[in-house]
Amino acid sequence: MNRITLTVNGVRHFVDVEDETLLLDVLRDTAGTTSVREGCGVGACGACTVLAGGTSVSSCLALAVRYDGAELTTAEGLDENDDVVSSFVDCNAAQCGYCIPGFLLMSRELLSENPHPTGQEITDHLEGNICRCGTYPEIHRAVAAAAERRAIR
Ligand code: FES
Ligand code: FES
């Protein structure tokens, strides 16, 4: 058993984990951040995406012990007035919503690295995320709208 410290959306958690405990399970079961979802469980859908120090991580593949001391952001940590969240709402970029937390975090990562992405860059950055409802056009528009919203501030 290993004692680790995770800061999730600004709240510090002290957690005892086995060597093989997944970050996904700690986030859902201990931190209570159930927006972090298991889709495929093998790193192929993006539903479990979180940000660790601003960088996207597939939490279904990540060993929690490796994230001792990390600052993690999940969708629960995004304010409703957040530019990306507001743009997803305005563009109706959700149907069942299962995939949306992962898309929100990937979109935030993209815009922090590249505030003015081209359409192709948006597509490329989000290509690892799957939406089984096929909401891709709305999600794509929402990311472009969030970039515009930031540009005029
Ligand atoms: S559940 Fe982690 S990538 Fe699909
Ligand atoms: S909105 Fe249903 S899976 Fe994406």
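Each reported figure results from applying straightforward, stated rules to the coordinates on display, with no laboratory input. The model shown is predicted, which means the values in this text are computed figures rather than measured ones. Virtual Cβ from ideal backbone geometry, glycine too; neighbours counted across all protein chains shown.
If you go through region 40-59 and keep only what is crowded, with 20+ Cβ neighbours inside 10 Å and within 16 Å of ligand 2 (Cβ to nearest atom), you end up with Cys45, Gly46, Ala47, Cys48, Thr49.
Remark: pairs (first residue in region 105-124, touching a residue at least 40 places away in the same chain (Cβ under 8 Å); second residue assigned to a helix (DSSP H, G or I) and of a type outside the set (A, V, I, L, M, F, W, C); Cβ separation under 7 Å; 6+ apart in sequence or on different chains) = Met106/His125.
For region 116-153, residues that are assigned to a loop (DSSP other than H, G, I, E, B) and either surrounded by 15 or more Cβ atoms within 10 Å (Cβ to Cβ) or of a type outside the set (Val, Ile, Thr) (or both) total 13. Only one of the numbered conditions (1) more than 13 Å from ligand 2 (Cβ to nearest atom); (2) surrounded by fewer than 22 Cβ atoms within 10 Å (Cβ to Cβ); (3) free of Cβ contacts under 8 Å to residues at least 60 places away in the same chain is violated by Gln95, and that is (1). Remark: Arg150 matches the filter, which requires a residue to be away from ligand 2 (no atom under 11 Å from the Cβ), in contact with a Pro (Cβ under 8 Å, 6 or more places away or on another chain) and basic (Lys, Arg). Within region 12-54, the set of residues being of a type in the set (Lys, Arg) and either within 6 Å of ligand 1 (Cβ to nearest atom) or without any contact (Cβ under 8 Å) to a residue 24 or more places away in the chain (or both) comprises Arg12, Arg28. Could we say that Gly102 is within 15 Å of ligand 1 (Cβ to nearest atom) and assigned to a helix (DSSP H, G or I) here? The answer is yes for Gly102.
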